[in-house]
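Student: Got a structure for you, questions after.
What follows draws every value from the coordinates through simple rules; no lab data is involved. The structure presented is a predicted model; accordingly, all values stated were derived computationally and were not measured. Cβ coordinates were reconstructed from backbone atoms using ideal geometry, including for glycine residues, and neighbour counts include every protein chain displayed.
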Amino acid sequence: MIERIDVTLPGERGYPILLGNGLLGSPDLLEPYIGNQALVVTNVAVAVLYLPQVRRSLVGVEQVDVVEIGDGETSKTLDTYAAILDALIDKRHNRSTTVVALGGGVVGDVAGFAAATYQRGVGLVQIPTTLLALVDSSVGGKTAVNHPSGKNLIGAFHQPQAVIADVGVLATLPEREFRAGLAEVIKYGIIADAAFFGWLESHIDDLLSRDPASLVHAIRRSCEIKAEVVADDEREQDRRMILNFGHTFGHAIEAATAYERFLHGEAVAAGMVMAMDLSVRLGRSNDQDAKRVRRLIERSGLRAEALDVDVEAMLDAMSMDKKVMQGRLRLIVCDGIGAVSATSDVPEQTLRRAIALGR
Ligand code: NAD
Ligand code: GLY
């Protein structure tokens, strides 16, 4: 069965997320969203696993080319972006071509940026293959590459024509990547849906054993929440910032450890525990909420703290955010599980204590 979640946006920018188990390879799946040409962008690891199925879904397309980029965050560069553009130009792709991003967030972000800029923008279909990409990066239109000075410094908003969300791809995802993706799923419960958070508490073991029906439910609810927030604030003028719950702390953990020790989701998990601690200190959440979040994160096999990360180094990294936001750090705090809001009013001592988590 294919479920459909719509991302409702003005003009022609709206699109469906098609969700199910074992979708890839169906002959009619992709064609409604593809022009007369397609360039599949994937990486070496994912191509071996899923490129044959995607090719089967593209049999009716006149011209199909493939670019395989290197694996991992180090490939999310201007060089990789240029290689994708070179392929589009060399193979004479025209303005009605479609870039098909088959992979995790790295492939989705760099392929999306190529689609956003080739001939001032061509079609894009996202086929996410990690849990993080299924519930977060493939939806919402943020595309980017990294610069040596920082992550995601070069990018554009470019919404896809469709997102093909096949939970079947999760069967091969390494355990550490899977658990890191769960952090973003838990985030959706905290920011927007207390009942979903409760459902996660009672189904976390099913998710960890990758039960397809439970995965479909968790991904559906996550995508529904993200779609609703993006529809309300496509360009992150205001409300979309709630998706950053735990992320200011998480980014600081990643920066303070040179992006080498933690996966993004792992840093976000610890960051959400810090954000809950802060919310309690500010009188927005109670202890019970903070304990539930910590417990669910621990049960997901994620660390609930970044024990040996230097508090000063994290504060330093957060001051970069502060510069970006004209002198005031804006943090998302939890007003009880299921609701969050932004605050710029956090005394430094309180922030320090939240980062240290009582250490
Ligand atoms: P990733 O793309 O590096 O994938 C993680 C690893 O899993 C890679 O080694 C990949 O080859 C492998 N892999 C992917 N799918 C697999 C599968 N089905 N089976 C086996 N192995 C598989 O990492 P990620 O966590 O998916 O994405 C991280 C990136 O996403 C970061 O660059 C981050 O900035 C970006 N991101 C973007 C947004 C957005 O809104 N655009 C949101 C969140 C994160
Ligand atoms: N990952 C946060 C966003 O898409 O806005």
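Student: Tell me which GluC sites (Glu not before Pro) from the stretch 17-84 have a DSSP coil assignment and no more than 11 other beta carbons within 10 Å of their own.
Tutor: When the GluC sites (Glu not before Pro) of the stretch 17-84 are filtered for loop state and at most 11 Cβ neighbours within 10 Å, GLU62 remain.
Student: Right, something else. For the chain, with a Gaussian network of springs between Cα atoms less than 10 Å apart, report the residue from ARG328, ARG240, ARG179 with the top mean-square fluctuation.
Tutor: ARG328
Student: Moving on. Which one of PRO16, PRO160, PRO128 has the biggest mean-square fluctuation once the chain is modelled by GNM with Cα springs under 10 Å?
Tutor: Residue with maximal mean-square fluctuation among PRO16, PRO160, PRO128: PRO16.
Student: Please work out how much length the chain gains when fully extended from ARG235 to ASP28, using 0.36 nm per residue of separation minus the C-alpha to C-alpha distance, in nm with one decimal.
Tutor: Roughly 71.3 nm would be gained on extension.
Student: Given only helices, namely DSSP H runs of n ≥ 4 each adding -39500 (n - 2.57), what is the per-residue ellipticity at 222 nm of the chain, to the nearest 500 deg cm²/dmol?
Tutor: When only DSSP H runs of four or more count, the value is -14500 deg cm²/dmol.
Student: Of LEU207, LEU102, LEU49, which has the largest mean-square fluctuation in a 10 Å C-alpha GNM of the chain?
Tutor: Among LEU207, LEU102, LEU49, the largest GNM mean-square fluctuation belongs to LEU49.
Student: If only Cα atoms are counted, what is the Rg of the stretch 46-85, and what is its Dmax, in Å?
Tutor: Cα only, the stretch 46-85: 12.4, 34 Å (Rg, Dmax).
Student: Also, quick follow-up: For a bin width of 20 Å, list the pair-distance distribution of the chain built from all Cα-Cα distances, rounded to whole %.
Tutor: Cα pair-distance distribution for the chain, in percent: 31, 58, 11, 0.
Student: I've got another one for you. What's the local net charge at LYS291, with K and R +1, D and E -1, over the other residues with C-beta under 13 Å away?
Tutor: Surrounding charge for LYS291 is -1.
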